[in-house]
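Every number here is computed from the coordinates shown, using simple stated rules; none is lab data. Nothing here was measured: the structure is a model prediction, and the numbers come from that model. FYI the Cβ positions are ideal-geometry reconstructions off the backbone, even for glycines, and counts take in every protein chain you see.
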Amino acid sequence: MFVKYLLSFLFLFSLGAQSQIGSVIGHKNNAIIQQSKTRKDRVTHNLVLEKLAYSITKGKESQVEKAQAIYLWITKNISYDHELRVNKKLQKEFYTSRENVIQKVLQRQKALCGGFAFLFEQLCEQAGIEAKTIHGFTKLAMAYDKPNHSWSAVRLDGKWHLLDITWSVSNGNPGNPDAYWYLTPPNTFIKSHYPEDINWTLLNKPPSLLDFIN
């Protein structure tokens with residue numbers, strides 16, 4: 001019931017938010033680079049996510065339990081957006097701000113890699129958990145001049161972990177994600193994911209990008 005209310009609210013809110021795009025932030029390679037101009041929009045956006053995060057994590061005590069609950073909720077309620085992947089017009093409508101992407105993800109209940117990662121990051125933030133969206137490369141890339149994928153990092157009990165919700169959804173079944181890509185050990189994760197910022201390998205001696213490609 002709460003999710004249905006949330007989606008209806010987001011639809012109404014987004015009608016008035018599309019023209020409220022302002023200053024440039026974020027990823028330098030033209031990923032999600034802008035944020036809402038008005039403070040009112042940001043407050044409303046955060047309030048919606050705060051209520052959703054509370055609903056998802058209600059009854060969970062530890063950071064580990066809350067992060068897993070958010071991961072499972074996303075994987076069971078948000079599917080991969082095949083239409084957005086190939087529709088350039090939709091991409092222009094979506095990729096105006098992180099807030100707009102998240103609104104669209106919740107409205108459509110579908111996402112691409114950035115949408116999965118941004119939603120996880122902000123729901124974790126509302127639950128008091130530090131998380132980051134990581135941009136980088138995968139072995140599926142045809143070229144390595146700019147990042148081709150986004151995934152997540154989450155800090156639990158003082159230690160950072162890696163996860164890829166997109167691959168959990170894509171490699172799993174409806175309602176049954178591939179848990180291999182949740183809190184994957186860094187020395188395994190590096191075999192398929194290489195971050196733009198090498199610090200996010202979480203390895204003491206990370207390989208070079210050339211080594212990763214080869």
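Determine ³J(HN,Hα), in whole Hz, for all residues of region 173-190 in sequence, where each value follows from phi through the Karplus function 6.51 cos²θ - 1.76 cosθ + 1.60 and θ = phi - 60°; x replaces Gly and Pro.
Using θ = phi - 60°, the values come out as 10, x, x, 9, x, 7, 5, 4, 8, 10, 6, 5, x, x, 5, 8, 4, 5 Hz.
When ranked by the protection proxy of mean other Cβ atoms within 10 Å per residue, highest first, what sequence do the peptides 113-120, 128-135 form?
113-120, 128-135
Evaluate the distance, in nm, between pseudo-label points positioned 7 Å from the Cα of residue 211 and of residue 87 along their respective Cα→Cβ axes.
Distance between the two pseudo-spin positions: 4.3 nm.
Residue 183's amide H: which non-local residues (gap 5+, or another chain) put their own amide H closer than 5 Å, with H modeled 1.01 Å from N in plane and none for Pro or chain starts?
162, 163, 164
If the cut-off is a Cα-Cα distance under 16 Å, which aspartates and glutamates reach residue 139, setting aside same-chain residues fewer than 8 apart in sequence?
164, 196, 211
Please compare each pair in 92/146; 104/191; 88/146; 88/132 to a cut-off of 21 Å on the Cα-Cα distance and tell me which ones are over it. Intermediate values should be presented prior to the final figure.
Working: 92/146 19 Å; 104/191 32 Å; 88/146 18 Å; 88/132 26 Å.
Where the Cα-Cα span goes over 21 Å, the pairs concerned are 104/191; 88/132.
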